Amino acid sequence: MLKPFSNKVAGVAPSAIREILKFTADPEVISFAAGNPAPEAFPVETIRKISDDIFAEEPINALQYSVTEGYMPLRKWLENDLRSKNMFAENDMVVITDGAQQAIETTAKILCNEGDVILCEDPSFIGSLNAFRSYGVKLVGLPTDSDGILPDEMENVLKTYNTVKFLYTIPNFQNPTGNTTSLERRKQILALAEKYGIYILEDNPYGDLRFAGEPVPSYKSLDTKGNVLYAGTFSKTLAPGLRVGYLCGERDILQKAVVGLQTSTVHANIWAQMLTYRFVTTVDFGEHLAHLQDIYRKKYTRMANALKANMPECVTYSQPQGGLFIWATIPDNYDMNAFCTEAVHQKVAVVPGNAFLSDENAVSHSFRLNFSTPTDEQIDRGTEILGKCAKEFFK
């Protein structure tokens, strides 16, 4: 008889999002379930030209082994960029990873033993939650409102558990809710991290996609004690297929992260790192980001207006100022999973909210909508179908 799976993966279920995306193989299904950048956001011709230049000028560097820490010119650019935002301290270091996902997974690898506690927003990004679960940790979800984590609830948890290693948070246009943590909350949460001696892992994939309101200082920029590790990525601002992310924090932690990365990968894709470096240094990156913000402002506005026009008043929505997602909430006396199932049978896919909870058996009355991936026509038609389904379901 063959041996069973390891404890690390035996209890990790397939991503609910990936499972729902299987329905989108049906060309008739309109998907609001993905989290991909808009197809029109990709600078395809610029990437093609830069790639051609790399292979014309330094092909061996692009194809040969390199150092685990990452392509030095890109690391230096990131250091300068972060320093300009008051997010790079004297003793800090940056390492390049295969997307922010690897930065997040590596943080758990180097900081957590089995049974340790990781705090997270409830709800939170399922990819990170599953990465944490694979290390045998205890996930404790913290209640949130539109301003972020409730500090009193966080302190109650910190008083309860003495093996909390870090708080994982997506403070800007959070996945899945779209909410942004207020400055006051950030200060309170950082103070709690300092008081109880825990790290904050700040995941910021959507921060550059702000299309309304004013930027809020990052946890990293507010940190003076070395409590914050910062995970960034070019997946939403350049192309997710490049898999270029990074982790920034105090040098002693990052050096251990390098060791952790060496056990899973020799280094991230060097060609992609070289391409990314040439892109950010030869293209007006600020203008590029403004173009992306304009795309997502228009797509969000279209979906928000379409939802308002089509959905019954009993369904409420978050009002993100950036990012890719809207969080919809239905009345408590209805079964959210049954509604999402009915919606996909009507050829519209959304993601049920319980997929994002730290407790996989908990009940959610919300679902996530993505506005970046569908076309304008799909947004219009999909919200019309979803509205008819909702009016029938909630009558």
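The values are calculated or read from the model by the stated rules, or taken from the named source; none is laboratory data. Remember, it's a predicted structure, so these values are computed and weren't measured experimentally. Methodologically, a virtual Cβ is constructed for each residue, glycine included, from the backbone with ideal geometry; neighbour enumeration extends over all protein chains shown. Just so you know, the surface numbers come from the protein's heavy atoms only, side chains and all, with ligands and any DNA or RNA stripped out. Shrake-Rupley method; radii C 1.70, N 1.55, O 1.52, S 1.80 Å.
Think of region 275-356 as a dipole: +1 on every Lys or Arg Cβ, -1 on every Asp or Glu Cβ, centred on the Cα centre; then among W327, A338, V283, V283 lies furthest on the positive end.
In this rough spin-label picture, where each label sits 7 Å from Cα along the Cβ direction, the K298-S146 distance is 2.8 nm. If R0 is 25 Å, the Cβ-Cβ spacing of A56 and L289 corresponds to a FRET efficiency of close to 0.35. Between E194 and R251, the simple spin-label model (points 7 angstrom out along Cα→Cβ) gives 2.3 nm. With the convex hull drawn around the C-alpha atoms of region 38-112, the volume per residue stands at 157 Å³.
Close Lys pairs in region 261-395 (alpha-carbon distance under 21 Å; sequence gap of 8 or more, or different chains): 10. Given bins 10 angstrom wide, list per bin the percent of all Cα-Cα distances in region 225-368, short to long. Per 10 Å bin, starting at 0, the Cα pair percentages come out as 9, 25, 26, 25, 14, 1.
Structural size metrics of region 107-195, computed from C-alpha coordinates, are Rg and Dmax of 12.4, 33 Å. Based on every Cα atom in region 273-323, Rg and the maximum pairwise Cα distance Dmax equal 16.7, 50 Å.
Based on the Cβ-Cβ distance of Y161 and R48, what FRET efficiency does E = 1/(1 + (r/R0)^6) give at R0 = 56 Å, to the nearest 0.05?
Rounded to the nearest 0.05, the efficiency is 0.65.
Adding -39500 (n - 2.57) for every DSSP H run of four residues or longer, then dividing by how many residues the chain holds, sets the calculated 222 nm ellipticity at -13000 deg cm²/dmol.
Could you tell me what percent of the accessible area of region 73-182 is made up of carbon and sulfur, with a 1.4 Å probe and every protein chain present?
Working: 1650 of 3780 Å².
In region 73-182, the share of accessible area belonging to carbon and sulfur is 44 percent.
Taking Cα centre as origin and charging only the Cβ of basic (Lys, Arg, +1) and acidic (Asp, Glu, -1) residues, the dipole magnitude of the chain rounds to 340 debye.
Translational D (Stokes-Einstein, µm²/s) of region 325-369 at 25 °C and 0.890 mPa s when Rh comes from the Kirkwood sum over C-alpha pairs? Approximately 231 µm²/s, per Stokes-Einstein. Per-residue SASA remark: S146, around 80 Å² accessible (1.4 Å probe; ligands, DNA and RNA not included).
I'd like to check one number: the per residue accessible area of the chain, probe 1.4 Å, reported in Å² as a whole number.
45 Å²
Using a cut-off of 11 Å between beta-carbons, work out the net charge of the residues near V350 (Lys and Arg +1, Asp and Glu -1, V350 not included). Charge balance near V350 sits at 0. Semi-axes of the equivalent ellipsoid of region 182-233 are 21, 13, 7 Å, computed as sqrt(5λ) over the eigenvalues of the C-alpha gyration tensor in descending order.
For S182 and A309, a Förster radius of 30 Å and the Cβ-Cβ distance give a FRET efficiency of 0.50, rounded to the nearest 0.05. Computed in the context of the full set of protein chains, the accessible area of region 212-261 at 1.4 Å probe radius has 51% of its extent on carbon or sulfur. The radius of gyration of the Cα set in the chain, together with its Dmax, comes out at 21.1, 65 angstrom.
In this simple spin-label model, placing a label point 7 Å from the Cα along the Cα-to-Cβ direction at both A25 and I385 gives a separation of 1.8 nm.
Taking only protein heavy atoms and a 1.4 Å probe, the accessible area of region 278-395 is 46% carbon and sulfur.
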